[in-house]
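None of the figures in this text is laboratory data; all of them are computed from the coordinates on show. Everything numeric in this text was worked out from a predicted model, so none of it was measured. Every residue, glycine as well, gets a Cβ built from its backbone with ideal geometry; the counts of neighbours run over all protein chains shown.
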Amino acid sequence: MPHLWLLICLGSILLLSVLSIFVGVIDLTPMALLRDPEALQLLVVSRLPRTAAAVLTGCSMAVSGQIMQILVRNKFVEPISAGTGQAAALGILLSVLLFPAAGLAVKMSLAAVTALLGTLGFLALVQRLPPTEPLLVPLVGLVYGGILGAVMVFIAYQADLIQYIDVWMLGEFSGVMRGRYELLWLAGIAAFVSYLIADQFAILGLGRDMSLSLGLNHRQVMAMGLLCVSLVSALTVVTVGMLPFVGLIIPNLISRHLGDNLRVTLPVTALLGGVFVLGCDILARVVRHPYEVPVGTIFGVLGTLAFLWLIYARPRHA
Amino acid sequence: MIRIRNVGHQIAGQSILQGVDLDIPQGGLTALVGPNGAGKSTLLSLVARLQTLQSGQIEINGRDLGQISHGDLAQLLAILPQVLTSTHRISVQDLVGFGRYPYSRGRLGPKDREIIADVLESFELQEIKHRFLDTLSGGQRQRAYTAMAWAQDTEYLLLDEPLNNLDIAASRSLMSRLKTLAAQQGRTIVIVLHDINYAAGYADHIVAMKAGRVETAGPPAEVVSEAFLRAVFDTDARVILEEERPLVVV
Ligand SMILES: Nc1ncnc2c1ncn2[C@@H]1O[C@H](COP(=O)(O)OP(=O)(O)O)[C@@H](O)[C@H]1O
Ligand SMILES: [Mg+2]
């Protein structure tokens, strides 16, 4: 069963990638690629990077969502809406203010640090909630994320940088070009490293006491998880902006159908995340062709529907 | 042997355990009984090092608990906590496989697979091994978790109220399974029980706690009496003898 999913996802990614390469404002046909050097240029500079960016973002955000849910032991959270994403954006804003001349690496590092702090803050808050009220966790996450976001808007307003922050708040791929998206490969690597210790994350999901009893280095695995979530969030927010919902919907969908043994499910989660984001990005390019709709808007619509489904549909009792 | 000496524990200035001295003998079933809030779970969690020892000393097989590495401890002692609140969707077979983590570190070898198959068999989980935990009844789930702890193949196994949620048939079958397996494999099981009759019926040893102290310890026939029930549980119940075993008439 997981193998079938894996194959289908892999096939879909290939298919959608081909589609993604040939869909856009400027017409690009397979024939033109052979004859026209400018068409080839368009492919290498814009279409391929954009396709890779969407897949990498989807994969790594789905994985980081899954890991966040294990860290918090709650299935209704994901980093981008529960403070990690806002904290990362706040970090970028601070770096623009404090080190205006600095490059992407500095922005990215500061964003990773603030994302880490933001996630730690969320974990600390959530630990004080009663375990009998699981829906409080995502609510607190939304409020917490909202507050961090408001702080950011306030600072941006004071510094006259409001038009800047829109770029990070509403994620989209239209600005992706060669030379401007490569950091996302790091996010992909972070997701892959998490897969290498998937067993340890699965055991972490059994709770602190059980993982200690099994001899898991609980603190170390928690730290690895935090690092992965913060890095992926910082990297995606810096390069494409905030894309909510992916980290929520995809892991839940996989959990319902394939369970939570991460060694088996994490690759499927990653690939399905890639399929979803790439599919949405293609949709964003065609709904109002020749104009583009921000992919975040498509997510908003699909994500809300999916969230309702999550809350109301009971898991299958296979 | 587990040697507990003068162990005290405080949470937020409140004394939970005071001067606990206890030897848990090697081999067989030791039942830990006592009213709610007596400190049984706290004591177990200290022995399993889920909480840090604040005062006193705990030794396992002559080694100071604080000196044993994480990896070694997980191969020596397993604990099944009282509250099992996982929302994780894991199949029974995968869960039992996690019990091998101290040895396999995630890569199950042929010996691990053999043990997993054995444990699934002896805990009668073969038929539901592909089911997810959240689709099981409370009793089945409890049995699956117990099987996982068993698969950890440790000399010492601490079980905190494993009969929660179990009906009489499931309780009896789990107790006799544990007793037989412990005898066969020479393991030491410490089990927190609420029903004195299960303790008297299956345990080799009973330890009674009250208000953070050990009241009495010894073989069931010596420990369980009407005076004992009055002293530990503040209740007047009759105790009769049935085939040399004390039986509480409830
Ligand atoms: N985390 C905690 N915070 C505050 N009090 C606690 C905590 N854990 C246990 N206690 C208190 O310690 C006492 C002993 O608890 P416990 O060891 O769970 O008892 P038992 O398992 O015998 O029912 C109880 O009075 C309980 O309220
Ligand atoms: Mg208890």
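A compact table of results
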{"read-out": "Of B:H9, A:L33, B:L157, farthest towards positive along the dipole that unit charges on Lys, Arg, Asp, Glu beta carbons give the protein assembly as shown", "value": "A:L33"}
{"read-out": "Label-point gap, in nm, between B:Q51 and A:M177 - each point 7 angstrom along Cα→Cβ", "value": "6.1"}
{"read-out": "Amide hydrogen neighbours beyond the local backbone of B:R63, cut-off 5 Å, H modeled", "value": "none"}
{"read-out": "For segment A:143-212, diffusion coefficient by Stokes-Einstein and Kirkwood Rh (Cα), 25 °C, 0.890 mPa s, µm²/s", "value": "154"}
{"read-out": "Contact order relative to length of chain B, as percent, for alpha carbon pairs under 8 angstrom and 6 or more apart", "value": "26"}
{"read-out": "Cα→Cβ-extended label distance, 7 Å offset, between B:T87 and A:Y312, nm", "value": "2.0"}
{"read-out": "Positive-pole candidate from B:V214, B:Q184, B:L241, dipole of segment B:177-244, charges at beta carbon", "value": "B:Q184"}
{"read-out": "Length-normalised contact order for chain A - Cα pairs under 8 Å, 6+ apart - percent", "value": "32"}
{"read-out": "Per-residue mean of C-beta atoms belonging to partner chains within 10 Å, peptide B:93-106", "value": "4"}
{"read-out": "Lys, Arg +1 and Asp, Glu -1 on Cβ, resulting dipole of chain A about Cα centre, debye, nearest 20", "value": "500"}
{"read-out": "Hull-based mean projected area of the protein assembly as shown, where the convex hull spans the alpha carbons, in square nanometres", "value": "30.2"}
{"read-out": "Farthest toward positive dipole pole in chain B [+1 Lys/Arg, -1 Asp/Glu at C-beta], among B:Y103, B:G34, B:M148", "value": "B:Y103"}
{"read-out": "Point-to-point label distance, A:F22-B:E215, nm (Cα→Cβ direction, 7 Å offset)", "value": "8.2"}
{"read-out": "Residues whose placed amide H lies under 5 Å from that of B:A78, excluding near-sequence neighbours", "value": "B:Y156, B:L157, B:L158"}
{"read-out": "Within segment B:2-249: Cβ-based charge dipole about Cα centre, in debye rounded to nearest 20 (Lys, Arg +1; Asp, Glu -1)", "value": "700"}
{"read-out": "Net dipole in debye of segment B:65-193 [+1 Lys, Arg Cβ; -1 Asp, Glu Cβ; about Cα centre; nearest 20]", "value": "160"}
{"read-out": "Anisotropy class of chain A from Cα gyration tensor, a/c 1.5 cut", "value": "oblate"}
{"read-out": "Sparse-neighbour loop sites [chymotrypsin sites (Phe, Trp or Tyr not before Pro); segment A:215-318; at most 15 other C-beta within 10 Å; DSSP]", "value": "A:Y291"}
{"read-out": "Principal-axis tilt of helix A:48-72 within chain A, Cα atoms, nearest 10 degrees", "value": "10"}
{"read-out": "Burial order of peptide ranges A:157-163, B:94-100, A:53-59 (average beta-carbon count within 10 Å, highest first)", "value": "A:53-59, B:94-100, A:157-163"}
{"read-out": "At most 15 other Cβ within 10 Å, DSSP loop - GluC sites (Glu not before Pro), segment B:153-250", "value": "B:E243, B:E244"}
{"read-out": "Hydrodynamic radius by Kirkwood, which averages 1/r over all alpha carbon pairs of segment B:1-136, in angstrom", "value": "17.3"}
{"read-out": "Cα-based equivalent ellipsoid of chain B: semi-axis lengths in Å, sorted from largest, via gyration tensor", "value": "29, 23, 16"}
